[in-house]
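Okay, so here's the structure we're looking at.
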Amino acid sequence: MIKKPPSKADLRQELDNQISDFLEQGKSVNEIPRGVSSRDGADKPLRADTWQMDASKGAWTYVPEVVDTLEKRRQEKVLKPAPKKTRPRKRLIYDDFGEPLRWVWVDE
C-alpha cells in the first residue's frame, strides 16, 4: 500500500510543533533584517572566478592564419545571396489537339 503524502496543513502543523519545541527549550530565534545577505562582502558582486574550474589562463598562442580563415568564411556567408523561394504555380496541361486537359501544380 502506498503511503499518502502529507498535506500542506499537516506540514504546517509539524513545523509549528518543531518551532514551539525549540522555543520551549529556552532557545531563541535571531531576527535578520530584510535585505541582508548571509554572504560576506555582500556589498560587492560575486567574483567571476568563484564558479570557474581553473582560474589560471595559461599561455595563449595567437594563430592569425586560423583567424583569417574564419573571417573569410564568415564574409563568404554574408556575401552569398539567399536562395529565392519559389511558390508552386498552377499550369494548364493540353492534350495533343490543343484542348485543355487539367490543371497541375508546378514548381518553377
Open item on the list: Can you find, within the range 44-76, the residue that is nearest to Val106 (Cα to Cα) among those that are hydrophobic (A, V, I, L, M, F, W, C) and either modelled with pLDDT of 80 or more or surrounded by 10 or more Cβ atoms within 10 Å (Cβ to Cβ) (or both)?
Closed with: Leu70
Open item on the list: Give all pairs with beta carbons closer than 7 Å in which a residue from the range 65-89 that is under 30 Å from Trp103 (Cα atoms) meets a residue that is assigned to a loop (DSSP other than H, G, I, E, B) and among the acidic types (Asp, Glu); count only pairs at least 6 apart in sequence or on separate chains.
Closed with: Thr86/Asp107; Thr86/Glu108; Pro88/Asp107; Arg89/Glu108
Open item on the list: Regarding the range 77-88, can at least one residue be identified that is part of a loop (DSSP other than H, G, I, E, B), at pLDDT below 85, within 30 Å of Asp107 (Cβ to Cβ) and of a type in the set (Gly, Ala, Ser)?
Closed with: yes
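The values are calculated or read from the model by the stated rules, or taken from the named source; none is laboratory data. Since the model is a prediction, treat every value here as computed from it, not as a measurement. Cβ coordinates were reconstructed from backbone atoms using ideal geometry, including for glycine residues, and neighbour counts include every protein chain displayed.
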